[in-house]
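The values are calculated or read from the model by the stated rules, or taken from the named source; none is laboratory data. Since we're looking at a predicted model, the values are computed, not measured. Here Cβ is always computed from backbone atoms with ideal geometry, including for glycine, and neighbour counts include all displayed protein chains. Just so you know, the surface numbers come from the protein's heavy atoms only, side chains and all, with ligands and any DNA or RNA stripped out. Shrake-Rupley method; radii C 1.70, N 1.55, O 1.52, S 1.80 Å.
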Amino acid sequence: MAAQKKTPSTGAPGEGEGTATPLHVAVVMDGNGRWAKQRGLPRSLGHRAGVDALKRTVSAAAELNVRWLTVFGFSTENWSRPAAEVAELMALPKRYFESDIARLEREGVRVRVIGRREGLSDELVKIIEGAQARTAHNDRFFLNIAFNYGGQADIADAARRFAEEVAAGRAKPSDLNEQLFARQLATADSPPPDVIIRPSGEQRLSNFLLWEAAYAELVFQDVLWPDYGAEHLKAALQTFAARDRRYGAVVADDVLAAG
Ligand code: FPP
């Protein structure tokens with residue numbers, strides 16, 4: 001499959017519009033703790049089962065002709081969890097890449113880990129950089145893992161980078177518009193998400209892709225993330241396909257009716 005060259009977008013009309021299959025799906029992988037609790041297991045085992053659900057979802061997304069998948073693995077707010085749980089969450093990328101990076105590389109998946117590197121161990125940063133480098137030539141499917149990521153932090157970082165460009169004399173304040181700003185975000189290389197899915201019954205974004213979510217459809221599902229599989233993704237995409245995306249405009253029939 002050829003690469004689709006995308007410029008960063010503000011989520012405005014255009015990309016993904018009019019297609020029943022979303023180009024870019026984003027998922028808040030929520031419910032690991034509750035899944036473990038229901039089974040009398042430690043939360044760590046819920047997170048490990050969450051890695052298995054991620055593997056199933058990557059395969060299912062590619063199978064359903066999605067091209068971009070962005071998943072929320074660790075938020076800038078998750079540092080406030082107990083140290084033992086943070087340590088378990090920090091171990092997940094290593095666990096995932098050790099078992100799956102060869103297959104991801106072989107199957108044409110390009111992996112990117114978006115989020116702040118500060119706070120991550122040198123070993124983890126090396127593992128992340130290795131996984132990214134190993135799959136950098138791929139363009140069949142794009143997997144973004146948001147890790148130590150927060151939408152507000154990313155917007156603040158983007159604003160700081162633009163301010164630094166201005167301070168260095170490489171840009172003027174009047175240059176700034178939505179497109180230029182989006183180029184400073186961690187998601188600059190991806191189209192905006194068409195749909196953001198949150199399983200587990202919670203109905204909020206929790207600081208995920210705040211800028212990019214401008215015109216994303218939101219789909220909430222009553223399944224805990226470790227139980228998530230192809231059938232749940234398929235159901236979410238069917239819900240998406242039935243939505244009427246207007247991007248702030250009106251549909252043609254209504255224009256005629258307004259006459
Ligand atoms: C939120 O559920 C989930 C997380 C904080 C971690 C999500 C991570 C994974 C599913 C695996 C990620 C894999 C990689 C490779 C990074 P929760 O624990 O808050 O669940 P709860 O709301 O039921 O307590």
Scanning segment 91-111 residue by residue, those in contact with a Leu (Cβ under 8 Å, 6 or more places away or on another chain) and more than 9 Å from the ligand (Cβ to nearest atom) turn out to be Leu104, Val109, Arg110, Val111
Looking for something assigned to a strand (DSSP E or B), in contact with a Gly (Cβ under 9 Å, 6 or more places away or on another chain) and buried (at least 20 other Cβ atoms within 10 Å of the Cβ) - is there at least one such residue anywhere in segment 121-141? yes
For Pro191, the lone unmet condition from (1) closer than 30 Å to Trp35 by Cβ; (2) under 14 Å from the mean Cα position of the chain (by Cα); (3) open to solvent by less than 30 Å² (accessible area, probe 1.4 Å) is (1)
Pairs with Cβ under 7 Å, 6+ apart, first in segment 27-47 and on the phi > 0 side of the Ramachandran plot, second near the ligand (Cβ under 8 Å from one of its atoms) and in a loop (DSSP other than H, G, I, E, B): Gly31/Ser200; Gly31/Leu224
With the requirement that a residue be more than 9 Å from the ligand (Cβ to nearest atom) and either closer than 15 Å to Ile114 by Cα or assigned to a helix (DSSP H, G or I) (or both), what does segment 65-76 give you? Trp68, Leu69, Thr70, Thr76
